[in-house]
Every structure is written in structure tokens, then in C-alpha cells.
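The values are calculated or read from the model by the stated rules, or taken from the named source; none is laboratory data. What you see is a predicted model, and the numbers here were worked out from it, not measured in a lab. Don't worry about glycine lacking a Cβ; one is built from the backbone with ideal geometry, like all the others, and counts go over all protein chains shown. The protein model used for the area step is the full one, side chains on, heavy atoms only, and it has no ligands, DNA or RNA in it. Shrake-Rupley method; radii C 1.70, N 1.55, O 1.52, S 1.80 Å.
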Number of protein chains: 4
Amino acid sequence: MGDEGSLDSLSDKIAEFVSQREWEIFHNPKDLAIALSVEASELLELFQWRSREEVAELLPEIKQQIGEELADVFIYGLSMANSLSIDLEKAITRKLEKNEQRYPVDRFRGRAYE
Amino acid sequence: MGDEGSLDSLSDKIAEFVSQREWEIFHNPKDLAIALSVEASELLELFQWRSREEVAELLPEIKQQIGEELADVFIYGLSMANSLSIDLEKAITRKLEKNEQRYPVDRFRGRAYE
Amino acid sequence: MGDEGSLDSLSDKIAEFVSQREWEIFHNPKDLAIALSVEASELLELFQWRSREEVAELLPEIKQQIGEELADVFIYGLSMANSLSIDLEKAITRKLEKNEQRYPVDRFRGRAYE
Amino acid sequence: MGDEGSLDSLSDKIAEFVSQREWEIFHNPKDLAIALSVEASELLELFQWRSREEVAELLPEIKQQIGEELADVFIYGLSMANSLSIDLEKAITRKLEKNEQRYPVDRFRGRAYE
């Protein structure tokens, strides 16, 4: 039962949304993974055929759509974490620590690949 | 500057990670959308060829991997929100309100489609 | 210049379509990979929230849509092969030979994983 | 029973590969759509973090991998067409005709969007 901005409180809202509609059968992990992937592609579609420069120019126009598609991705991700009792905050923090090890600052400054 | 569990504090950590490596050039919206989509597929791959029942059986074995792939999805999503100054919490809350309207409880109880 | 049903003749038609519109700039490998991935997701979306059994029931209804989305995937794939001068038929034949080695019949009969 | 380079003859090889392993149960349309989408992402991953210019430079190095991932996409697509008795050549030809209508040369020369 976190405060407003926490992952926990968003999670709770989503769990309630799902439970009110008795959608637990649909929100099984496999179908949620599909849904998340489909939403990620709808997000990606906004950048299709556009160079980085064109994207930068178009941002004011497409920023709200980006926010909506991103929200869909997060909603399905939070629902998956709910349905599997995954502590998302812990998982993210751990992954960031792993990435700190994997990409040491001195070797990866300004480069995404070695 | 939120407390531990908030989206804001996770966002801050990710922004710092990116900035230390001077990775802002890579973390442009188009490439982040690609990265997020690629991670969503790695998550999806864990469920490939498996029926819902097999997934349920395998969960103890694959739950940690699911958590890690999900964390990757969230990290890129948070980084995209950072790079575009999108208020993710607000975007998610709004989308949930939209969904409340779009899927009224009485018409969608137990059904994902009309 | 193959006969009607060959990959070559389909390739030629697509190359002509692209060239008439001077779309070579858009049909660069990176954006084609995005487009192909987006179309693959539109195909996947047709199966979202549906069990294998429901999919089987719904097939008569969605078969044409499946064909159209699949066609989009192939069109972008053929265009990518065009733009990179990849001999797709050879690539597919080779991959099938690799898969023959990787999945010997006696060890993989009836199982997708070992 | 097409000649070497036709979609039909590739289809036949894939059907035989699947049948020898009794993999029809895995190669159901939903899981094939997942597999195709996962492979499309593996293809996309080769372009991640790279500008169009960097992609052009790297092509000699990554062209073979691109061919292999593209082959995987086609193999799953052909297997899906098999499992649903979809005439892929006809579906592709029709879609190209549709696209001819939708993107008239004079209005779309040099532009992907209106």
C-alpha cells in the first residue's frame, strides 16, 4: 500500500482493474508477454521510417502517443509482475547493479559496444 | 527525488547510469523503442512452444529469468520517459482511467472481447 | 527473372514497387527490420488472449487477416533481402540444413526442448 | 511440387522437417506467431544502437547474421502458411496490388507518409 507515485500503488490499481473484470484468466503470463510485446511494437511503430533527426523534429507532435503506448507497456508489465508475485522494484534495482558491473564506466564511456 | 520504491527514484538511478557512460546518444527515443521491443521479445521467448499449463508448471524454474527480462523492459521504458520528459506515473494513471471507460465492468466481466 | 511462384519473381515485383516510389531511402535495412518486427506483432496480436483451442475455433474468421499480416512480413523480408543482395532461397535452405543437424529426429521427436 | 526456388518447394521441405519430428503440436498458429515475432526481434537487434550510417559500414560484417535471422523468419512464416493452408504467393501478390492502390506513385514518390 504505497504512496501515490510508487510502483506498488500503480500495481494495486491494475490488480483491482483486472479483478473487477475477472480477467485473471486472460492475464496469464504467456498472454501478458504477448500483450506487452504487441504494445512495445505499437510504440516502435511511431519511429518507423523516420531518421533520428526527423524523430527529434516530430517529437512535439507524437510525444503524447509515445506516452500512451509506453503506459500500455508498463500496465502489462505491472500486471505480469502481479500475477507472478515478482517484486519489480527489487528486480530493476538488481538489474541496474548487474549492468554497473557489466558496463564499467571507463570502458564504455561513449560506446555501447566494445 | 522520490523515496526508494517510487518510479522517480528508479528513473533517477537510470538517468545517472546513462549519464555516467555518456550514453545519451544511444538512448535516443528510436533506439530505446527498438531496445524495449527486443527485450519484450526475450521475455516472450520464455513462453514459446509452451501451453499455459506447461508455463504454470515451469514457473518456479523460469520466474527469475522472467523478472530479469521484465526489469530490462522497465529500464528501457524508464530511460525513454527520462529522455522525453514524460511523466510516466501520470501517463499510466490516465491510461488506466481510459481503460475504465473503454471496458465497463458489466459488459466485460469475464470477456476480453465483445 | 523467375517463373510466377518463385521468390525471385516476388522479389522483382517488390523491388519495382519500391523503385517506382523512390522509397529506397526508407527501405534501408534498419527501418525494414523495424517494419518487419511491427508486422510480426500485428500478426501476433490476432492470437492475443486466445487459447490454442479458441484460436482453432476462430480460424475461419481470422484466416484472411492472418494471410494479410503474413504477406506484410514476407514483403518486408523480401525487400530487405533485395536491399542487401541476400539470396534468400539459399539462406533458407542452409538454415534448414543447420536445423537438421541441431534437432536430430531421434532426440527431438515430439519435443521442442531437450 | 514446385521447382527448386519456389515458395512451394521450400514449404514442402519445412513441412517434412516438422512432420519428421512430430512437431505439429508446437507448430500451431499461436506459437508460430510468437516464434516469428521473436525471430523478427533477433533480426532487429542487429541494428540496435546503430545509426543508418553505422549500419551501412557494418554490413559486410553482419550480412550473414542478417541472412540467418531472415531465414528463421521465413521458415516460421512458411510453416504457419502450411499449418493453415494459406497460399502465400497469392496472399503476397494480393497485398502488393492493395499497396499499389494505397500508395499511388504520384502522391508517394519520395515520401512514406502523406
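Couple of notes before you dig in:
- Sole exception among (1) of a type outside the set (A, V, I, L, M, F, W, C); (2) at positive phi; (3) not in a loop (DSSP other than H, G, I, E, B) for B:Ser79, by number: (2)
- Verdict on C:Trp23 being at positive phi and either free of Cβ contacts under 8 Å to residues at least 40 places away in the same chain or crowded, with 21+ Cβ neighbours inside 10 Å (or both): no
- Filter result for D:Glu16 (surrounded by fewer than 17 Cβ atoms within 10 Å (Cβ to Cβ) and on the phi > 0 side of the Ramachandran plot): no
Residue by residue, here is whether (1) outside any loop (DSSP other than H, G, I, E, B); (2) farther than 18 Å from C:Asn99 by Cα; (3) open to solvent by less than 40 Å² (accessible area, probe 1.4 Å); (4) more than 7 Å from chain C (Cβ to nearest Cβ) holds:
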{"position": "D:Ile62", "(1), (2), (3), (4)": "yes, yes, yes, yes"}
{"position": "D:Ala71", "(1), (2), (3), (4)": "yes, no, yes, no"}
{"position": "D:Ile75", "(1), (2), (3), (4)": "yes, no, yes, no"}
{"position": "D:Gln101", "(1), (2), (3), (4)": "yes, yes, no, yes"}
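- Test: D:Ala112 is at pLDDT below 95, open to solvent by less than 40 Å² (accessible area, probe 1.4 Å) and at the interface with chain C (Cβ under 7 Å from one of its Cβ atoms): yes
- Only one of B:Ile86, B:Ile92, B:Ile66, B:Ile34 that is crowded, with 17+ Cβ neighbours inside 10 Å, part of a loop (DSSP other than H, G, I, E, B) and at pLDDT 95 or above: B:Ile86
- C:Glu97 vs. criteria buried (at least 16 other Cβ atoms within 10 Å of the Cβ) and in a helix (DSSP H, G or I): no
Residue-by-condition table, conditions (1) aliphatic (A, V, I, L, M); (2) under 30 Å from D:Arg52 (Cα atoms); (3) in contact with a His (Cβ under 9 Å, 6 or more places away or on another chain):
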{"position": "B:Pro60", "(1), (2), (3)": "no, no, no"}
{"position": "B:Glu69", "(1), (2), (3)": "no, yes, no"}
{"position": "B:Gly77", "(1), (2), (3)": "no, yes, no"}
{"position": "B:Ile86", "(1), (2), (3)": "yes, yes, no"}
{"position": "B:Glu97", "(1), (2), (3)": "no, no, no"}
{"position": "B:Tyr103", "(1), (2), (3)": "no, no, no"}
{"position": "B:Gly110", "(1), (2), (3)": "no, no, no"}
{"position": "B:Tyr113", "(1), (2), (3)": "no, no, no"}
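- Selection within the stretch C:41-59 - within 8 Å of chain A (Cβ to nearest Cβ), assigned to a helix (DSSP H, G or I) and either open to solvent by less than 30 Å² (accessible area, probe 1.4 Å) or in contact (Cβ under 8 Å) with a residue 40 or more places away in the chain (or both): C:Ser41, C:Leu44
- The stretch D:6-40: number of residues that are facing another protein chain (nearest Cβ under 8 Å), in contact with a helix residue (DSSP H, G or I) (Cβ under 7 Å, 6 or more places away or on another chain) and hydrophobic (A, V, I, L, M, F, W, C): 10
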